[in-house]
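Input: a single structure, listed below in structure tokens.
The values are calculated or read from the model by the stated rules, or taken from the named source; none is laboratory data. Everything numeric in this text was worked out from a predicted model, so none of it was measured. Cβ placement follows ideal geometry from the backbone for every residue including glycine, while neighbour counts extend to all protein chains displayed.
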Amino acid sequence: MAPRILVIDDEEHMRWALEKAMKQEGYGVITAAGGREGLEALHREGASLVILDLKMPDLDGLEVLKRIREAYPRLPVIMITAHGTIQTAIEAMKIGAADYITKPFDLDELKIVIRKTLQMSQLMHEVSFLRAELMKEHGEMVGKSPAIMEVRRLIRRVAPTEATVLITGESGTGKEVVAVAIHRQSPRADGPFIAVNCAALPEQLLESELFGHEKGAFTGATTRKPGRFEMAARGTIFLDEIAEMSPTMQAKLLRVLQDKTFERVGGTQTIQVDTRIIAATNRDLAACVREGRFRQDLYYRLNVFSIHLPPLRDRREDIPLLSEHFLKKFAPLYHPCTISPEALDLLCRYDWPGNIRELQNVIERALILCHEAEIKPAHLPKELHRPAARPPCPVVNLPDEGISLEEVEIQLILQALEKSRGNQSRAAQLLGISRATLLYRMQKYGLH
């Protein structure tokens with residue numbers, strides 16, 4: 001559908017000339033001879049853009065502009081007048097005019113202004129739509145377990161600050177959901193949220209993706225391209241899988257964190273960064289530092305404030321709520337459905353190595369298979385029906401002189417940490433206890 005332009009001008013010959021010129025460009029045109037008539041036409045028929053004269057007998061253009069801004073805050077308005085002064089131009093732009101042009105003007109110039117204004121308006125609508133879709137996609141954090149309540153508390157504490165945040169946890173635990181929640185509750189909430197998966201691109205492409213490139217920087221660079229840091233200006237950039245960055249890229253990121261500056265690939269101009277950084281990983285970054293695979297100075301810059309997300313098996317009490325959440329999410333795509341107590345019991349007993357992402361996939365699969373009003377065990381994957389496999393219990397021969405149970409426990413914890421390369425969640429899994437229990441016992445025995 002062609003954009004519709006509303007022309008509000010008290011001069012009949014001007015309305016006629018503008019209507020003819022705009023129709024030649026393929027636009028729909030509505031005309032009004034005064035401010036009140038123009039507002040009525042706008043309420044009645046709508047418009048994609050308004051061309052508004054500044055001086056009119058009933059309502060002047062600035063008053064009409066104020067009323068349009070109140071009723072239609074995103075509707076672009078171009079002011080046209082023969083009485084243009086710097087002061088009236090500044091006042092109109094402050095109120096919210098998209099542009100300002102003075103009579104006499106060249107029609108071709110006006111056409112260019114209109115075209116650019118409509119393009120910008122369309123881009124703003126798309127950004128708003130995509131931001132709304134992003135919010136819908138991630139939704140709110142679901143759960144009432146103590147672990148998730150603690151995560152919510154940490155989000156509330158860190159969100160209003162500018163601190164860099166490091167989110168840790170196994171794959172599928174919802175690290176990006178936490179990053180979005182921090183962004184939403186921060187002073188940067190009206191700015192963009194830009195997510196980058198650092199493991200998805202090779203080093204050269206990742207550098208171009210993050211910092212942009214100049215025309216001719218490499219084969220195929222036919223135009224200048226802004227990077228994700230520029231796109232995230234006055235917003236938040238989320239660097240997922242940060243541990244997968246190469247040493248070269250780690251050094252470049254460190255400079256951004258230290259100096260708040262960077263250069264595009266192939267460029268010499270230094271660009272200032274006004275972006276909050278949130279990073280995430282499913283690895284133990286401290287262990288990566290010890291092994292020489294991650295820069296210690298970068299680790300300390302990223303780990304200003306850390307949030308750990310527990311695996312789903314450590315918050316089983318949230319599985320019913322999460323299942324209900326996914327049922328509601330997928331209901332418009334499939335059909336409304338509930339979960340039988342028997343099926344829910346299977347969901348709660350399963351260990352969920354893929355965490356929340358795996359649970360979501362299982363619920364969607366069940367909805368596809370289920371043609372009834374209730375999901376039953378038969379609609380769930382076969383792996384959920386198997387009893388949780390337990391490793392054989394080791395045989396310990398108790399010596400006649402006795403043994404220190406505390407020392408045995410310390411040795412088992414140290415072995416688990418060694419086998420898991422310092423990953424506490426994995427170590428807890430090896431010992432058959434929750435991460436919270438492991439941390440308690442490590443603190444008890446002074447194991448750090």
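Before moving on, here are some points about what is shown:
- Given (1) in a helix (DSSP H, G or I); (2) at pLDDT 85 or above; (3) out of contact with any helix residue (DSSP H, G or I) (no Cβ under 6 Å at 6 or more places or on another chain), number of the condition Arg426 does not satisfy: (2)
- Failed criterion for Ala71 (all others in (1) touching a Ser or Thr at 6+ places or on another chain (Cβ under 9 Å); (2) under 21 Å from Met120 (Cα atoms); (3) not aromatic (Phe, Trp, Tyr) hold): (1)
- Within the stretch 317-376, considering residues that are of a type in the set (Gly, Ala, Ser) and either in contact with a helix residue (DSSP H, G or I) (Cβ under 9 Å, 6 or more places away or on another chain) or under 29 Å from Gly169 (Cα atoms) (or both), the one modelled with the lowest pLDDT: Ala331
- Residue ID - surrounded by the fewest Cβ atoms within 10 Å (Cβ to Cβ), chosen from residues in the stretch 145-170 that are assigned to a loop (DSSP other than H, G, I, E, B) and among the aliphatic types (A, V, I, L, M): Ala163
- Close pairs from the stretch 159-173: first in the same structural domain as Glu358 (by TED's automatic domain parsing) and without any contact (Cβ under 8 Å) to a residue 24 or more places away in the chain, partner part of a loop (DSSP other than H, G, I, E, B) and not charged (D, E, K, R), Cβ under 7 Å, at least 6 apart: none
- Of all residues in the stretch 171-195, those satisfying the criterion of being surrounded by fewer than 23 Cβ atoms within 10 Å (Cβ to Cβ) and in a loop (DSSP other than H, G, I, E, B) are Ser171, Gly172, Gln185, Ser186, Pro187, Arg188, Ala189, Asp190, Gly191, Pro192.
- Residue, surrounded by the most Cβ atoms within 10 Å (Cβ to Cβ), within the stretch 83-100, restricted to residues that are modelled with pLDDT of 80 or more and assigned to a helix (DSSP H, G or I): Ala92
- Scanning the stretch 316-351 for residues that are charged (D, E, K, R) and either in a loop (DSSP other than H, G, I, E, B) or more than 26 Å from the chain's Cα centre (by Cα) (or both) yields Arg316, Glu317, Glu342, Asp345, Arg349, Asp351.
- In the stretch 241-315, counting only strands (runs of 3 or more DSSP E) that sit wholly within it, the ones holding 1 or more residues that are surrounded by fewer than 22 Cβ atoms within 10 Å (Cβ to Cβ) and among the small types (Gly, Ala, Ser) span 305-308.
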